[in-house]
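Working notes, beginning with the structure itself.
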Amino acid sequence: LMPNTEWLKDSVDLNNRGEIKIDATGQTSLAGVFAAGDCTNQVYKQIIISMGSGATAALGAFDYLMRNY
């Protein structure tokens, strides 16, 4: 499956499959922008993993906001 991320190509880094590249906290290449789930470059595409990815991205975003604002 190909994620519907074409509209993001000028904002964040995507891999050759169109998945959003994220780090361990869910942050994208654009500072302060986080992503989670099957549209990212996480290896396994399962509901429970996507749910955990969402929690990780939420905590990453919270940490980013606390450190920067």
Can you list residue pairs whose Cβ atoms sit under 9 Å apart, with the first residue in segment 8-30 being within 19 Å of K45 (Cα to Cα) and without any contact (Cβ under 8 Å) to a residue 24 or more places away in the chain and the second being of a type in the set (S, T, Y) and in a strand (DSSP E or B)? Count only pairs 6 or more apart in sequence or on different chains. E19/T40; I20/T40; K21/T40; T28/T40
Considering only residues that are within 19 Å of L1 (Cα to Cα) and touching a strand residue (DSSP E or B) at 6+ places or on another chain (Cβ under 6 Å), look in segment 20-41 and name the one that is surrounded by the fewest Cβ atoms within 10 Å (Cβ to Cβ). C39
For segment 42-53, give me the residue count where each residue is surrounded by 15 or more Cβ atoms within 10 Å (Cβ to Cβ) and either touching a Phe, Trp or Tyr at 6+ places or on another chain (Cβ under 7 Å) or in a loop (DSSP other than H, G, I, E, B) (or both). 1
Within segment 56-69, restricting attention to residues that are among the small types (G, A, S) and farther than 13 Å from A24 by Cβ, which residue is surrounded by the fewest Cβ atoms within 10 Å (Cβ to Cβ)? A58
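Laboratory data are not the source of any read-out in this text; all were calculated from the coordinates shown. A quick note: this is a predicted structure, and the numbers were derived from the prediction, not measured. Using ideal geometry, Cβ is built from the backbone for each residue, glycine included, and neighbour counts are taken over all protein chains shown.
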